[in-house]
1. Taking the conditions exactly as written (in a helix (DSSP H, G or I), in contact with a strand residue (DSSP E or B) (Cβ under 6 Å, 6 or more places away or on another chain) and assigned by TED's automatic domain parsing to the domain that holds L122), does R150 satisfy them or not?
2. Touching a helix residue (DSSP H, G or I) at 6+ places or on another chain (Cβ under 7 Å), part of a loop (DSSP other than H, G, I, E, B), free of Cβ contacts under 8 Å to residues at least 12 places away in the same chain and more than 16 Å from ligand 2 (Cβ to nearest atom): is that true of G118 in this structure?
3. Would you confirm whether any residue within the range 170-177 is of a type in the set (F, W, Y) and farther than 19 Å from L225 by Cα?
4. Report, by residue number, each residue of the range 34-53 that is surrounded by 15 or more Cβ atoms within 10 Å (Cβ to Cβ) and either in contact with a helix residue (DSSP H, G or I) (Cβ under 7 Å, 6 or more places away or on another chain) or closer than 19 Å to I9 by Cβ (or both).
5. Which one of D89, D131 is under 22 Å from V172 (Cα atoms), of a type in the set (D, E, K, R) and in the same structural domain as T177 (by TED's automatic domain parsing)?
6. Could you check G164 against (1) in contact with a Phe, Trp or Tyr (Cβ under 8 Å, 6 or more places away or on another chain); (2) crowded, with 23+ Cβ neighbours inside 10 Å; (3) at pLDDT 95 or above and say which number it fails?
7. Which count do you get for residues in the range 56-108 that are part of a helix (DSSP H, G or I), within 16 Å of ligand 2 (Cβ to nearest atom) and out of contact with any helix residue (DSSP H, G or I) (no Cβ under 8 Å at 6 or more places or on another chain)?
Amino acid sequence: MTEAAVCPICEGTGWKTVQRAGLSGVERCSCYSERRARELQESAGIPPNYQHVSLENFEIPGDHPIVRAALGQALIQVKNFVREFPAADHPGLLLTGDPGVGKTHLAVAVMKALLSRGRECLFFDYQNLIDRIRSSWDSTAGTADREAYRSALEAEVLVLDDLGSQRPIDWVMDTMTSIITYRYNNVKPLIATTNLPDHELNGKSKDYARKTLTEVIGERARSRLHEMCRILDLSGMPDYRLKRPR
Ligand SMILES: Nc1ncnc2c1ncn2[C@@H]1O[C@H](COP(=O)(O)OP(=O)(O)O)[C@@H](O)[C@H]1O
Ligand SMILES: [Mg+2]
Ligand SMILES: [Zn+2]
């Protein structure tokens with residue numbers, strides 16, 4: 001915090017003196033939660049191209065009634081998730097559906113809502129997390145890489161974007177299983193997005209060419225995900241980028 005921005009009420013300590021029934025005590029200054037939310041937001045790892053997204057700027061298209069109803073419903077469910085967070089039964093959220101339907105947008109929007117409430121959230125692109133864990137095995141690895149795995153385990157809320165976006169290799173499946181299992185066992189919320197078809201969710205996939213979530217992350221991890229997450233299926237929704245080229 002710069003000199004000029006020091007809070008005039010608490011002089012930057014985050015605590016203010018209060019008088020109650022003739023006794024003087026201290027309580028949190030109002031600037032504290034704002035500062036904490038800002039600091040959490042800065043260390044949350046939100047990618048630059050998703051910095052602007054929010055629940056408010058998630059558009060519901062007016063032109064197609066079925067899409068409109070489905071996306072409207074999805075947005076309501078996401079808002080419920082935020083309001084009820086952390087729900088005792090399913091504290092996490094799994095967003096599925098084809099590329100471009102808005103999964104990452106919604107996941108980051110949820111993150112921001114939780115960050116503003118003082119929850120520590122950490123965004124990881126799945127591929128990037130894998131790369132960092134792999135490079136952490138190298139003895140010359142930097143601290144950030146070495147900490148990636150621990151952060152993925154310990155973050156209060158982990159956002160794992162594009163889960164399974166890689167050829168399934170044994171160590172990757174094992175690593176993901178241990179991250180998901182650890183979080184499951186410790187009731188740590190996970191918000192994940194994936195464009196892999198999830199058979200048990202949609203019935204048998206007709207698309208035999210595509211690997212399923214189970215095939216890529218393994219049955220154990222998938223089943224844990226289902227136990228810990230509310231599922232939001234956006235499959236069949238249009239690619240937002242095709243309609244509105246940027
Ligand atoms: N309903 C929507 N309203 C506003 N922007 C959207 C919507 N859906 C997607 N986008 C935007 O389109 C782009 C692609 O969406 P994204 O969330 O990355 O898709 P996915 O993660 O499902 O592949 C992003 O820039 C996102 O902000
Ligand atoms: Mg995405
Ligand atoms: Zn203050």
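1. Values: in a helix (DSSP H, G or I): yes; in contact with a strand residue (DSSP E or B) (Cβ under 6 Å, 6 or more places away or on another chain): no; assigned by TED's automatic domain parsing to the domain that holds L122: yes.
It is false that R150 is in a helix (DSSP H, G or I), in contact with a strand residue (DSSP E or B) (Cβ under 6 Å, 6 or more places away or on another chain) and assigned by TED's automatic domain parsing to the domain that holds L122.
2. Working: touching a helix residue (DSSP H, G or I) at 6+ places or on another chain (Cβ under 7 Å): yes; part of a loop (DSSP other than H, G, I, E, B): yes; free of Cβ contacts under 8 Å to residues at least 12 places away in the same chain: no; more than 16 Å from ligand 2 (Cβ to nearest atom): yes.
Here the answer is no, as G118 does not meet what is asked.
3. Narrowing the range 170-177 to residues of a type in the set (F, W, Y): 171.
Keeping just the survivors that are farther than 19 Å from L225 by Cα gives none.
For the range 170-177, residues of a type in the set (F, W, Y) and farther than 19 Å from L225 by Cα: absent.
4. Of all residues in the range 34-53, those surrounded by 15 or more Cβ atoms within 10 Å (Cβ to Cβ) come to 35-37, 40-41, 44-46, 50, 53.
Result: R35, R36, A37, L40, Q41, A44, I46, Y50, V53.
5. Values: D89 fails: under 22 Å from V172 (Cα atoms).
None of the others qualify; the one that does is D131.
6. (3)
7. Pass one, the range 56-108, residues part of a helix (DSSP H, G or I): 65-84, 103-108.
Still in the list and also within 16 Å of ligand 2 (Cβ to nearest atom): 71, 74, 78, 103-108.
Now drop any that are not out of contact with any helix residue (DSSP H, G or I) (no Cβ under 8 Å at 6 or more places or on another chain), which leaves 71, 103, 107.
Final tally of qualifying residues: 3.
Each row is one residue, and each column tells you yes or no for (1) touching a Gly at 6+ places or on another chain (Cβ under 9 Å); (2) charged (D, E, K, R); (3) within 16 Å of ligand 3 (Cβ to nearest atom); (4) closer than 30 Å to S33 by Cα.
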{"position": "R119", "(1), (2), (3), (4)": "no, yes, no, yes"}
{"position": "S139", "(1), (2), (3), (4)": "no, no, no, no"}
{"position": "A144", "(1), (2), (3), (4)": "no, no, no, yes"}
{"position": "R150", "(1), (2), (3), (4)": "no, yes, no, yes"}
{"position": "V159", "(1), (2), (3), (4)": "yes, no, no, yes"}
{"position": "I169", "(1), (2), (3), (4)": "no, no, no, no"}
{"position": "T177", "(1), (2), (3), (4)": "yes, no, no, no"}
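The values are calculated or read from the model by the stated rules, or taken from the named source; none is laboratory data. Note that this is a predicted model, so its numbers are computed, not measured. Here the Cβ is made from the backbone with ideal geometry for all residues, glycine too, and neighbour counts use every protein chain on show.
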